1. Search the stretch 94-108 for residues that are over 22 Å from residue 126 (Cβ atoms) and pair each with any residue that is assigned to a strand (DSSP E or B) when their beta-carbon atoms are under 8 Å apart and the residues are at least 6 apart or on different chains.
2. Would you mind telling me which numbered condition in (1) over 29 Å from residue 154 (Cα atoms); (2) buried (at least 16 other Cβ atoms within 10 Å of the Cβ); (3) in contact with a strand residue (DSSP E or B) (Cβ under 6 Å, 6 or more places away or on another chain) residue 70 fails?
3. Give the stretch 129-169 a look and list any residue that's at pLDDT below 95, touching a strand residue (DSSP E or B) at 6+ places or on another chain (Cβ under 6 Å) and not in a strand (DSSP E or B), or say none.
4. Considering only residues of the stretch 47-74 that are in contact (Cβ under 8 Å) with a residue 60 or more places away in the chain and closer than 22 Å to residue 102 by Cβ, which is farthest from the chain's Cα centre (by Cα)?
5. Any residue at all in the stretch 75-87 that's surrounded by 14 or more Cβ atoms within 10 Å (Cβ to Cβ), over 12 Å from the mean Cα position of the chain (by Cα) and part of a helix (DSSP H, G or I)?
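The values are calculated or read from the model by the stated rules, or taken from the named source; none is laboratory data. This one's a predicted model, so the numbers in the text were calculated from it and none came from an experiment. In this analysis, Cβ positions are derived from the backbone assuming ideal geometry, glycine residues included, and neighbour counts consider all displayed protein chains.
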């Protein structure tokens with residue numbers, strides 16, 4: 001027969017275990033690690049990929065400088081270049097993020113890179129973008145992004161000042 005002390009100890013042990021919920025683990029209070037870091041040009045490309053994957057303009061917007069310009073060729077209207085600034089880019093990207101079920105952006109090889117010191121760089125890089133509006137409406141775009149980035153000093157994050165889309169639709 002068990003002693004009263006053994007029964008009390010067993011009861012306390014079982015009572016403690018019954019309060020543990022394996023589906024509600026302890027809250028992690030460690031500092032959050034960023035999904036990307038725009039302190040390097042490669043980090044900017046990673047941030048763009050994260051923004052597209054999660055369809056999140058709060059990740060995308062800080063990558064664009066206030067003087068940002070997007071340029072694309074409109075082949076339907078005689079092959080003229082069309083440009084817009086940061087505000088239009090953010091509205092357009094927000095609309096894309098809202099109107100799609102899924103976006104897959106893959107950055108490919110860097111074709112060329114022109115560094116102007118430690119505060120300006122131009123990179124031409126291939127990409128594949130899969131835009132899923134719904135399971136029966138999927139668009140695949142392959143092309144090149146010619147992106148110029150700058151920063152005021154070497155400890156600041158890079159910002160995109162110019163993006164020329166060199167895709168052929």
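1. Sorted first by the residue in the stretch 94-108, then by its partner, the pairs are 97/103; 99/133; 101/132; 101/133; 101/134.
2. Unmet condition: (1).
3. If the condition is that a residue be at pLDDT below 95, touching a strand residue (DSSP E or B) at 6+ places or on another chain (Cβ under 6 Å) and not in a strand (DSSP E or B), then 166, 167 are the ones that fit.
4. Going through the qualifying residues, I end up with 63.
5. Within the stretch 75-87, one or more residues are surrounded by 14 or more Cβ atoms within 10 Å (Cβ to Cβ), over 12 Å from the mean Cα position of the chain (by Cα) and part of a helix (DSSP H, G or I).
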